[in-house]
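Working notes, structure below.
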Amino acid sequence: MNKKVKNLFTSIGICVFFGIIGGWLTGDALETWFKQINQPWYSLPLTGWYSVGCLYYLMIIVILYRLLNEGGKFKASLLAGERFGERFSRAREK
């Protein structure tokens, strides 16, 4: 199997795993809890939030896929991000 296809299935599998765990932990409590809270008039209905959740998982799949395809570059990019954070915090202190 091609490495990219394997990484894609791995990304999808990770998201499906955590989606199942999240659904198992909340059970049907989400629907009953959502109906009980005091919502503003502009709040999405529960089906709208399901759509937002699907988009969230889709974005996570894309991010995981890209990270898995990076290989060793991911560690270097993390280090570069840490250096940027240090520089940014020093610049804010001045």
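For segment 1-75, taking Cα atoms only, what is the radius of gyration to one decimal and the Dmax to the nearest whole Å?
16.5, 51
For segment 13-22, in order, what is each residue's ³J(HN,Hα) by Karplus, 6.51 cos²θ - 1.76 cosθ + 1.60 with θ = phi - 60°, in whole Hz (x at glycine and Pro)?
Karplus values, whole Hz, x for Gly and Pro: x, 4, 5, 5, 4, 6, x, 5, 4, x.
Any read-out appearing in this document is the output of simple, stated calculations on the displayed coordinates, not a laboratory observation. Everything numeric in this text was worked out from a predicted model, so none of it was measured.
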